[in-house]
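Have a look at the structure below before the remarks.
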Amino acid sequence: MLEIDNLRKRYGDKVALDGVSFAVRPGEMFGFVGANGAGKTTTMRIIMGVLEADSGEVRHEGRPVTYEDRRAYGYMPEERGLYQKMKVAEQVEYFGRLHGLTPAAARRTTAELLERLGLVERRGDAVEALSLGNQQRVQLAVALVHDPGVLILDEPFSGLDPLAVDALAEALKDRAASGVPVIFSSHQLELVERLCDSVGIISAGRMVACGSVAELRAGEGRGLLKVVVRGAAPGWAEGLPGEITVDGDRQVLLSADGDDQTILRRAVQAGHVEHFGRQEPTLVEIFREAVA
Amino acid sequence: MNGLWLVAQREIRTRIRTKGFIVSLAITAVLVGAFAFIPKLFGGNDTYDVGVVGTAPAAVEQVKFVTYADEAAARKAVIDGDVEAALIDDQTVLADGEINDRLGLILQSAHRDAQIKQAGLTITPLRVVSVGADAAYEGVRAGLAMLLMMMLFFLLIYSAMFVAMGVVEEKGSRIVEILLTSVRPWQLLGGKIVGLGVLGLINLGVVIAVGLGAAFASGLATDLPPGMAGIVISAVVWFILGYAFFSTLAAAFGSLVSRQEELNGVLTPMTMLMTLTYLVSYLAAAEPTGTPARILSLIPPFSSMVMPVRTAAAEVPLGEIVLAAALMIAAVVVVLLAGARVYERAVLRTGARVKLGEVIR
């Protein structure tokens, strides 16, 4: 279990983190969302030890994380960094060696990763000759080469085409499935909703919501009741709580706190019921609500 | 230590393969090699060709005799410039206009010696004893010192620039963020300095090897002063000390900025200090035994250039060398500690230029 406990960080007068806490279990994929400047990158940099927190602690398996622990982590920073003039395979191998792999192991895992990420043909090319998407894959290879025990990825999906997004998502799921806690930040909320076991929403340096997607939905209440009735006379919903909108011969009722059985009976009497159900809030809605 | 060595290896491997490195090394080698032949080309003749008609005199040092059938042939050879002068029957010297002073003296004294010998007298030549410093090699040593001075300056500034550029490359591209999750800042900084230092030493080694090789090939080596090994060792050791000092400064200043364009501005204090060191080493080359040279050769970082130049230009008491080295090593340690601190604190702060005051507390 990777625990982030009450991190605080100031830059001069500006408070960047104001007591951020959350935990990620082994094998869990944690989506970290928040507006620009909310504190995602600062948190991730503190987890990686690139930045020091003013107070608070990062623990892994119950012990405070040390520099040696972090050497076994995989990290993709927000601003991508690679040696532009270095060759792809050489570069991935170099980072493997820096993380403590033997020359042979570094060569072997590099070959495997380049194979899996579809970069085999580009192994001898300088990084600067690659497309942005391929550079991103090399960046991922650099983060994965030493078979990390924890993965911290800052905006790994930004700038990728849909196919590359799928490939990267698969790679991350694989890692999580092997028991590695994976934390990544993203602005693509549908993606986070689809991939992540749990989600943390940060706003102005504080965690405003955290938990599994289902838990977050539950926290939002049961959601609005939505009824669509065709061919009903105007005014059929007189006296019922909620709002009516008219769309051609369809009338839509959205109700937050009406009794659903009463509403259903009235709707059936009034016309042809096309839809009746609670609206599950999307992550986007949860997010808007949480940071508002 | 392993991390440091990996970083150093990468620096060496990537830089040594670049065209820039190979081309500049080749050009320096050619220039230094050519330098060793210059005295041969412009330094005037070692031997004079002199025509002879009639009996040739006994062998004379620095003169090569060429026999001609008669005076007319010899006269023509002088006018055509085939020979410098012609000796007719051991009595007359033909020259084109005035005879070369030195050749005149040589011929006259050879002639005198021969006649004295004939008269049955022996003369003991004068013995020359120096009562000042060993002045025999003064000229060569001054030349060596000049050469060494330029070489050290360019190598130092070139290597230090590369360190600074490497630091900014890693900081600007943010690759340093990934690097620092697997190596310590001192390993990254140390590896870069060691790696590029090895390349600097390769440069220096090639220059010295080519220079000495060419000196032997051109015959210049016979003019080299005794104790060349000491001069070479001193140049290498002082290069290492000077490089450690200036490259650490370069790395520390370089870590304050995120873009190569800002580098020149931020490095100004360092380049000024280097230029000053270069300028004061002129003193040592021109007047190696003067008081200013002696004092400056003790003060770091000036000593890093003044001392090797002084060592090349004149004999330096061992005590002064040891003192200068001890002071320089102390200065290197201070700069390394302070530089590593600045680097560590500044290298992750991308964006606007970091103020030096903010990172030294």
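Quick check on my filter: what residues within segment A:55-80 are among the hydroxyl-bearing types (S, T, Y) and within 14 Å of chain B (Cβ to nearest Cβ)? So that I can check it myself, show each step before the final result.
Narrowing segment A:55-80 to residues among the hydroxyl-bearing types (S, T, Y): A:55, A:66-67, A:73, A:75.
Hits for segment A:55-80 are A:T66, A:Y67, A:Y73, A:Y75.
Would you check which residues across segment A:220-230 are without any contact (Cβ under 8 Å) to a residue 60 or more places away in the chain and either surrounded by fewer than 16 Cβ atoms within 10 Å (Cβ to Cβ) or in a loop (DSSP other than H, G, I, E, B) (or both) and list them?
So the first thing to find is which residues in segment A:220-230 are without any contact (Cβ under 8 Å) to a residue 60 or more places away in the chain, and the list is A:221-230.
Across segment A:220-230, the qualifying residues are A:G221, A:R222, A:G223, A:L224, A:K226, A:R230.
Does any residue of segment B:105-116 turn out to be over 18 Å from B:A293 (Cβ atoms), at pLDDT below 75 and surrounded by 10 or more Cβ atoms within 10 Å (Cβ to Cβ)?
Step one: list which residues in segment B:105-116 are over 18 Å from B:A293 (Cβ atoms), which gives B:105-116.
Adding the requirement that they be at pLDDT below 75 leaves none.
No, segment B:105-116 contains no residue that is over 18 Å from B:A293 (Cβ atoms), at pLDDT below 75 and surrounded by 10 or more Cβ atoms within 10 Å (Cβ to Cβ).
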Every residue from segment B:62-81 that is within 19 Å of B:R102 (Cβ to Cβ) and outside any strand (DSSP E or B): B:Q62, B:V78, B:G81
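Please specify each residue of segment B:52-61 satisfying the condition of being surrounded by 14 or more Cβ atoms within 10 Å (Cβ to Cβ) and either not in a loop (DSSP other than H, G, I, E, B) or not aliphatic (A, V, I, L, M) (or both).
If we filter segment B:52-61 for residues that are surrounded by 14 or more Cβ atoms within 10 Å (Cβ to Cβ), which is where we start, we get B:52-54, B:56-57, B:60.
Correct list: B:V52, B:V53, B:G54, B:P57.
Find the residue count for segment A:244-270, including only residues that are under 22 Å from A:P281 (Cβ atoms) and exposed (fewer than 12 other Cβ atoms within 10 Å of the Cβ).
Within segment A:244-270, the first condition is being under 22 Å from A:P281 (Cβ atoms), and the residues that meet it are A:244-245, A:247, A:252-260, A:263-264.
Then keep just the ones that are exposed (fewer than 12 other Cβ atoms within 10 Å of the Cβ); that gives A:245, A:247, A:257.
Within segment A:244-270, residues that are under 22 Å from A:P281 (Cβ atoms) and exposed (fewer than 12 other Cβ atoms within 10 Å of the Cβ) number 3.
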Top-ranked residue in segment A:28-54 [being modelled with pLDDT under 90 and within 12 Å of another protein chain (Cβ to nearest Cβ); ranked as farthest from A:A176 (Cα to Cα)]: A:E52
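Of these, A:E57, A:E68, A:E79, which one is under 20 Å from A:G39 (Cα atoms) and modelled with pLDDT under 90?
Details: A:E57 fails: modelled with pLDDT under 90; A:E68 fails: under 20 Å from A:G39 (Cα atoms).
Testing whether each residue is under 20 Å from A:G39 (Cα atoms) and modelled with pLDDT under 90 leaves just A:E79.
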Hey, B:A326 more than 14 Å from every other protein chain (Cβ to nearest Cβ), part of a helix (DSSP H, G or I) and farther than 16 Å from B:L249 by Cα or not: yes
Residue match in segment B:141-148 (condition: free of Cβ contacts under 8 Å to residues at least 12 places away in the same chain, in the same structural domain as B:L273 (by TED's automatic domain parsing) and aliphatic (A, V, I, L, M)): no
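Might you let me know whether segment B:259-272 holds any residue that is of a type outside the set (A, V, I, L, M, F, W, C), part of a helix (DSSP H, G or I) and surrounded by 24 or more Cβ atoms within 10 Å (Cβ to Cβ)? Break it down into steps so the answer makes sense when it comes.
Taking segment B:259-272 as the starting set, the residues that turn out to be of a type outside the set (A, V, I, L, M, F, W, C) are B:259-262, B:264-265, B:268-269, B:271.
Restricting the remaining residues to those that are part of a helix (DSSP H, G or I) gives B:260-262, B:264-265, B:268-269, B:271.
Going one step further and asking which of them are surrounded by 24 or more Cβ atoms within 10 Å (Cβ to Cβ), we end up with none.
So far as segment B:259-272 goes, no, none of its residues is of a type outside the set (A, V, I, L, M, F, W, C), part of a helix (DSSP H, G or I) and surrounded by 24 or more Cβ atoms within 10 Å (Cβ to Cβ).
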Given (1) of a type in the set (K, R); (2) within 14 Å of another protein chain (Cβ to nearest Cβ); (3) touching a Ser or Thr at 6+ places or on another chain (Cβ under 6 Å), index of the condition B:R310 fails: (2)
Within segment A:6-17, tally of residues that are in contact with a Gly (Cβ under 6 Å, 6 or more places away or on another chain) and surrounded by fewer than 16 Cβ atoms within 10 Å (Cβ to Cβ): 1
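Quick one: is A:G235 more than 30 Å from A:L144 (Cβ to Cβ), surrounded by 14 or more Cβ atoms within 10 Å (Cβ to Cβ) and free of Cβ contacts under 8 Å to residues at least 40 places away in the same chain?
Values: more than 30 Å from A:L144 (Cβ to Cβ): yes; surrounded by 14 or more Cβ atoms within 10 Å (Cβ to Cβ): no; free of Cβ contacts under 8 Å to residues at least 40 places away in the same chain: yes.
No, not satisfied.
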Condition met for B:L263 (closer than 19 Å to B:K192 by Cβ and either touching a helix residue (DSSP H, G or I) at 6+ places or on another chain (Cβ under 9 Å) or outside the structural domain of B:A164 (by TED's automatic domain parsing) (or both)): yes
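If you check A:L168, A:L144, which single one turns out to be within 24 Å of A:T41 (Cβ to Cβ) and touching a residue at least 60 places away in the same chain (Cβ under 8 Å)? Quick ask: steps written out before the conclusion?
Values: A:L168 fails: touching a residue at least 60 places away in the same chain (Cβ under 8 Å).
Sole residue among the options that is within 24 Å of A:T41 (Cβ to Cβ) and touching a residue at least 60 places away in the same chain (Cβ under 8 Å): A:L144.
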Any hit, segment A:92-109, residues being more than 14 Å from chain B (Cβ to nearest Cβ), closer than 21 Å to A:L130 by Cβ and either crowded, with 23+ Cβ neighbours inside 10 Å or not small (G, A, S) (or both): yes
Residues (more than 9 Å from chain A (Cβ to nearest Cβ), buried (at least 20 other Cβ atoms within 10 Å of the Cβ) and within 16 Å of B:T181 (Cα to Cα)) located in segment B:1-19: B:L4
Given (1) more than 28 Å from A:T41 (Cα to Cα); (2) under 26 Å from the mean Cα position of the chain (by Cα); (3) at pLDDT 90 or above, number of the condition A:F95 does not satisfy: (1)
Single match in A:G37, A:G74, A:G27, A:G49 (criterion: in a strand (DSSP E or B) and in contact with a strand residue (DSSP E or B) (Cβ under 9 Å, 6 or more places away or on another chain)): A:G74
Check on A:G12, touching a Phe, Trp or Tyr at 6+ places or on another chain (Cβ under 7 Å), within 14 Å of chain B (Cβ to nearest Cβ) and free of Cβ contacts under 8 Å to residues at least 24 places away in the same chain: no
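Specify which of the listed residues (A:A214, A:A233) is in a loop (DSSP other than H, G, I, E, B) and out of contact with any strand residue (DSSP E or B) (no Cβ under 7 Å at 6 or more places or on another chain).
Numbers: A:A214 fails: in a loop (DSSP other than H, G, I, E, B).
Selected residue: A:A233, the only one of A:A214, A:A233 that is in a loop (DSSP other than H, G, I, E, B) and out of contact with any strand residue (DSSP E or B) (no Cβ under 7 Å at 6 or more places or on another chain).
If only one of A:A267, A:A290 is touching a Phe, Trp or Tyr at 6+ places or on another chain (Cβ under 9 Å) and assigned to a helix (DSSP H, G or I), which one is it? It would help to see each step written out before you state the result.
On the way: A:A290 fails: touching a Phe, Trp or Tyr at 6+ places or on another chain (Cβ under 9 Å).
From the options A:A267, A:A290, the qualifying one is A:A267.
The values are calculated or read from the model by the stated rules, or taken from the named source; none is laboratory data. This structure is a prediction, so every number in the text was calculated from the model and none was measured. Ideal geometry is used to build each Cβ from the backbone, glycine not excepted, and the neighbour counts take in all protein chains shown.
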